[in-house]
Amino acid sequence: MKFKKVIVIKGTFSMTWNSSIDNNSYLHFTDKSKPDTLILFLPCTDRGICIVEIVSRAASQRLTIPSSKSSLSINDLLNQLYSLAKVEPNQEIALVLYDSFLFSDAPAGTTIIDLKLIVEYLFPGLADYELDTIFNTICQSNDSSSLQPLLRKLYQQLITDDDLNNITRACLARISHDLAFFLVWFIENARRFQLNIHPDEKTGRDLFPEDSVQLQTVMQQIFWVSDLQLPKTKENATEPECEESPHPIQDIKSEVIQKIFEDTSRFSSIPGYLPRQTQIDYAWQVMEGLNNEGVSLIEAGTGTGKTMGYAIPCMYFLAVNPTEKILIATTTKNLQSQVFFKDLPEISKLDPQFEAIPIALLKGKANYFCLHALIHEFYRDFIAKRGTAEDQLLWLFFLRLITVPWCDLESIPVGISLRFDNIPDFISRINSADHCYPDSCSFSPCMYEAVLAIANKSQLIVTNHHLLFYIDNYLNAPWQNLIVDESEQLPSAALACFSSQVDSIKIKDICERYLNGKNTISLRQAFGRYLAKIGGSIVDPEIISNLDAIGRITTSISENLQVLTDHSEEKEGSEIYLNQLFGNELAVNESIQGINTSLFELVALISSTIHKLPSKLPKYLSGQINTWARDVEALSLNLGACLQQNNSRYHCVTFSWLGKQKWRIECKPL
């Protein structure tokens, strides 16, 4: 895509820091837990106290305990309650707290519930999960001195009679996990602790999907784009887009920009805002870049307020030029989300014209999850019983996540990420990059298509540096105005984008999809059933021979992969140049070359087989085999590129061990 106006923004100071958080997230509740008293701990560190609420089936009482520590000892708090005769040592209690990272020293075997984890699970997609924010958004109250209103809201959410919560209750009852045990117990017992909001509240009727059609219908109804009138995506668009704007560009004036910044009444929602001339001067430079074709390089120091400085001229430019479009590229996906979810909504409030500008968030395809794969995952985890309890809980979490606007795989809250170690494996089974079968997909639009359609209809898109190098694959023309934020990071993004890399996860996925299946039956099984159905006598014998050969080659790749995995256990965390590896690690060298040779043979064999398949192959089968074939070919090309050591285009080739189940071969351009 050719941009006529490019504004490159560079900061003069950057700082990195490292933090280490010990994963002491508390959630201990078994199917045998039957507490008769809830003890709610609410620390108020600014006041040097901890508010304690003791809630029983008969009554509740509240007291405060002095505490000056930043990390509260649960053991000390309990001892104080025992000394005050508020709790008996043999009493069956459950400790309820918000954010277990504020606490320490829990007695072994104590029943503990971290409400922050529960809120993250039931209400995904919130801007943040600080307690004040939760009370404002969920409880709609500024009083954060009691956890009981939050418990009542959680109960009200869980018993709601709608498809999402009806499925949630039905699935939770089938999951053997602390989180599920507590939520099921809470649904059954909240009323006994007077934690219901209305006395006549009734629990909805549980709904456990009986078949894929019923589940698909529910998912389509709760999917956040279901009520939107989406335009056509790039793949199915029939009308070409115009390359040039049909109207002359109206320049934006410096006096207008200055007036916006100096009118402090506009910034009432931004605490402590004061106009700064350096920010205004910076905004003028952005304005000049938008008014004139070419490339503008702008350097701004720390504290300038760069996001607001470029966003206000952009918004005004789009307001007076409704046919124009602007692409903003940030350095990271985290900053991208901050600009989209936090900064731009605040800036949109500055002027009524700004609020009318359609804005979109666009990430790479691998950041979105496949709704069709999510259906297969349900059958894997709940019907075939091949998933763990954590897999089942994650499936239910992602089902709730699809109701959240602009949700993606980056929308997982921190607490959920820390609590579930299987998230990377789960994502590998549902992400759109690896599991998108357009020919057989039953969702229209899917998550990826919906985001593309909205983006192409918008005037302002927030993306990231990495996606910028592939933007032609995502957007229709014209996108002639580009803002590159944190431009000093752009070369690193370019290096990563134009590198070739292959890792064990990709190779393992290729093998499993054909040999064993992941979310559903394997391709080999699907072909076997299809051939048995139509009768082997009418099938070209060469097809059967080719399928057998594909199975043998894929098995050979899987065996070589295991050799590499075994070696990775010995060298976890190291990085070695591949040419050194050839001299010292014969078995590893032979396995890499064996995978490379097998992939090359597999590509040719698959191509020959596809051309001989019946033209009326079932939709589900043709879609999966064609997608698998494309993935095998891409993998073969990437690995082949990584092994071309003598090619002068390549700066280095590395072999990295990133854990027991993952290694990576990487090739970077010069």
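The values are calculated or read from the model by the stated rules, or taken from the named source; none is laboratory data. Fair warning: this is a prediction, and the values are worked out from it, not measured in the lab. FYI the Cβ positions are ideal-geometry reconstructions off the backbone, even for glycines, and counts take in every protein chain you see. Ligands, DNA and RNA are excluded from the accessible area calculation, which covers all protein heavy atoms including side chains. Shrake-Rupley method; radii C 1.70, N 1.55, O 1.52, S 1.80 Å.
Considering segment 478-491, the residues that are part of a helix (DSSP H, G or I) and touching a helix residue (DSSP H, G or I) at 6+ places or on another chain (Cβ under 8 Å) include one that is least open to solvent (accessible area, probe 1.4 Å), namely Leu490. Scanning segment 494-510 for residues that are surrounded by fewer than 19 Cβ atoms within 10 Å (Cβ to Cβ) and modelled with pLDDT of 85 or more gives a single hit, Ala494. Only one of the numbered conditions (1) surrounded by fewer than 19 Cβ atoms within 10 Å (Cβ to Cβ); (2) among the small types (Gly, Ala, Ser); (3) in a helix (DSSP H, G or I); (4) modelled with pLDDT under 90 is not met by Ala373, and that is (1).
Screening Ile175, Ile252 for residues that are in a loop (DSSP other than H, G, I, E, B), open to solvent by less than 60 Å² (accessible area, probe 1.4 Å) and at pLDDT 95 or above leaves exactly one candidate, Ile175.
Residues in segment 264-316 that are free of Cβ contacts under 8 Å to residues at least 12 places away in the same chain and more than 26 Å from Lys5 (Cα to Cα): 7 in all.
Residues checked against (1) open to solvent by less than 60 Å² (accessible area, probe 1.4 Å); (2) at pLDDT 70 or above; (3) touching a Cys at 6+ places or on another chain (Cβ under 8 Å); (4) farther than 16 Å from Asp114 by Cα:
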site: Ile7; (1), (2), (3), (4): yes, yes, no, yes
site: Gly11; (1), (2), (3), (4): yes, no, no, yes
site: Thr16; (1), (2), (3), (4): no, no, no, yes
site: Tyr26; (1), (2), (3), (4): yes, no, no, no
site: Phe29; (1), (2), (3), (4): yes, yes, no, no
site: Ser33; (1), (2), (3), (4): yes, yes, no, no
site: Pro43; (1), (2), (3), (4): yes, yes, yes, no
site: Ala58; (1), (2), (3), (4): no, yes, no, yes
site: Gln61; (1), (2), (3), (4): no, yes, no, yes
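Of the residues making up segment 287-304, those that are in contact with a helix residue (DSSP H, G or I) (Cβ under 7 Å, 6 or more places away or on another chain), of a type outside the set (Ser, Thr, Tyr) and within 12 Å of Ile9 (Cα to Cα) number 2. Please verify whether Val52 is under 34 Å from the mean Cα position of the chain (by Cα), at pLDDT 75 or above and open to solvent by less than 80 Å² (accessible area, probe 1.4 Å), treating the condition exactly as stated. Answer is no for this residue. Among the residues of segment 381-396, is there at least one that is touching a residue at least 40 places away in the same chain (Cβ under 8 Å) and farther than 26 Å from Leu115 by Cβ? Taking every residue of segment 381-396 in turn, at least one turns out to be touching a residue at least 40 places away in the same chain (Cβ under 8 Å) and farther than 26 Å from Leu115 by Cβ. Out of Leu658, Leu586, Leu602, Leu637, one residue alone is modelled with pLDDT of 85 or more, open to solvent by 60 Å² or more (accessible area, probe 1.4 Å) and under 25 Å from Glu559 (Cα atoms). It is Leu637. Of everything in segment 397-406 that is over 18 Å from Gln336 (Cβ atoms) and not in a helix (DSSP H, G or I), the residue that is nearest to the chain's Cα centre (by Cα) is Ile402. Does Asp143 fit the bill of being open to solvent by 50 Å² or more (accessible area, probe 1.4 Å), within 20 Å of Ser60 (Cα to Cα) and not in a helix (DSSP H, G or I)? Yes, satisfied.
Quick check: is even one residue across segment 70-89 of a type in the set (Ser, Thr, Tyr), crowded, with 17+ Cβ neighbours inside 10 Å and at pLDDT below 90? Within segment 70-89, not a single residue is of a type in the set (Ser, Thr, Tyr), crowded, with 17+ Cβ neighbours inside 10 Å and at pLDDT below 90.
Matching residues to (1) modelled with pLDDT of 80 or more; (2) open to solvent by 20 Å² or more (accessible area, probe 1.4 Å); (3) not in a helix (DSSP H, G or I):
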{"position": "Thr520", "(1), (2), (3)": "no, yes, yes"}
{"position": "Arg524", "(1), (2), (3)": "yes, yes, no"}
{"position": "Lys533", "(1), (2), (3)": "no, yes, no"}
{"position": "Ser537", "(1), (2), (3)": "no, yes, no"}
{"position": "Ile553", "(1), (2), (3)": "yes, yes, no"}
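Note on segment 407-477: enclosed helices (runs of 4 or more DSSP H) holding 1 or more residues that are touching a Cys at 6+ places or on another chain (Cβ under 8 Å) and open to solvent by 10 Å² or more (accessible area, probe 1.4 Å) are 447-457, 465-468.
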